[in-house]
Amino acid sequence: MAKLNVGDKMPNFTFNTQKRDGVTIEEAVKGKKKTVFWVLRYIGCTVCRYDVHVLSQRYQEFLDKDAQVFVVMQSDPEVVRKDLEGSPIPVPLEIICDTDMNIYKTLEIGVWGEPGSKPVITDPTVIERLQAKGAAAAAAGFSHGQYEGLEEQLPAMFITDDQGVVTYAHYGKDIMDMPVADDVLAML
């Protein structure tokens with residue numbers, strides 16, 4: 001499959017989350033006007049953990065817009081469950097656990113640099129944004145957890161309607177190239 005574009009139908013993946021098994025995209029998108037698929041790396045990643053925390057804090061704002069959020073990660077469901085046990089607030093959203101990276105591969109969500117090599121950040125704007133987010137994560141009590149999947153994985157985001165038709169598609173060019181919660185809420 002090629003990268004998703006606005007107007008494309010999201011493939012009907014079957015996936016597991018930290019809460020349930022054997023869910024299809026078709027089942028997941030029904031019942032909400034919009035569904036956000038927030039594609040990150042893995043639950044042990046400090047800034048990814050922080051993203052889940054922020055989304056959990058603001059989840060009611062998504063519900064108020066008749067929307068829901070699924071975070072896609074390379075993490076194992078058991079690792080996610082254990083990690084979230086220590087969360088300072090309840091996590092209402094579900095994390096799609098794509099350990100075989102089928103979603104990443106099918107949707108052609110790229111990696112940064114060469115797989116197996118540590119990405120080197122040289123853009124001062126990216127460094128500044130990553131440092132600010134890292135500081136916010138540390139201030140909220142988050143540190144790095146278990147490593148899983150590809151460290152070089154780039155983020156992506158897709159918003160679909162209740163039929164699974166993509167209304168917004170974004171493929172990150174670097175680790176910080178993603179909309180923030182305010183941007184996404186404004187799009188809904």
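The values are calculated or read from the model by the stated rules, or taken from the named source; none is laboratory data. Since the model is a prediction, treat every value here as computed from it, not as a measurement. Ideal geometry is used to build each Cβ from the backbone, glycine not excepted, and the neighbour counts take in all protein chains shown. The protein model used for the area step is the full one, side chains on, heavy atoms only, and it has no ligands, DNA or RNA in it. Shrake-Rupley method; radii C 1.70, N 1.55, O 1.52, S 1.80 Å.
Some notes on this structure:
- Identity of the residue in the range 115-132, among the charged types (D, E, K, R), surrounded by 11 or more Cβ atoms within 10 Å (Cβ to Cβ) and modelled with pLDDT under 90, that ends up farthest from residue 37 (Cα to Cα): 123
- Where residue 106 falls short, out of the listed (1) out of contact with any strand residue (DSSP E or B) (no Cβ under 6 Å at 6 or more places or on another chain); (2) free of Cβ contacts under 8 Å to residues at least 60 places away in the same chain; (3) closer than 23 Å to residue 36 by Cβ: (2)
- Number of the condition not met by residue 5 [criteria: (1) outside any loop (DSSP other than H, G, I, E, B); (2) closer than 22 Å to residue 154 by Cα; (3) at pLDDT 95 or above]: (1)
- Test for residue 161: is it open to solvent by 20 Å² or more (accessible area, probe 1.4 Å), at pLDDT 95 or above and of a type in the set (D, E, K, R): yes
- Entry remark, the range 66-80: residues being over 23 Å from residue 181 (Cα atoms), part of a helix (DSSP H, G or I) and in contact (Cβ under 8 Å) with a residue 24 or more places away in the chain number 2 in total.
- The one condition in (1) touching a His at 6+ places or on another chain (Cβ under 8 Å); (2) loosely packed, with under 14 Cβ neighbours inside 10 Å that residue 142 fails to fulfil: (2)
- If you go through the range 32-53 and keep only what is of a type outside the set (D, E, K, R), closer than 19 Å to residue 168 by Cβ and either without any contact (Cβ under 8 Å) to a residue 24 or more places away in the chain or not in a strand (DSSP E or B) (or both), you end up with just 40.
- Residue list for the range 1-57, filter: under 30 Å from residue 139 (Cβ atoms), open to solvent by 60 Å² or more (accessible area, probe 1.4 Å) and among the charged types (D, E, K, R): 19
- Checklist (1) in a loop (DSSP other than H, G, I, E, B); (2) touching a residue at least 40 places away in the same chain (Cβ under 8 Å); (3) not polar (S, T, N, Q) applied to residue 84, failing item: (1)
- Whichever residue in the range 53-105 is hydrophobic (A, V, I, L, M, F, W, C) and farther than 29 Å from residue 3 by Cα and, among such residues, is farthest from the chain's Cα centre (by Cα): 89
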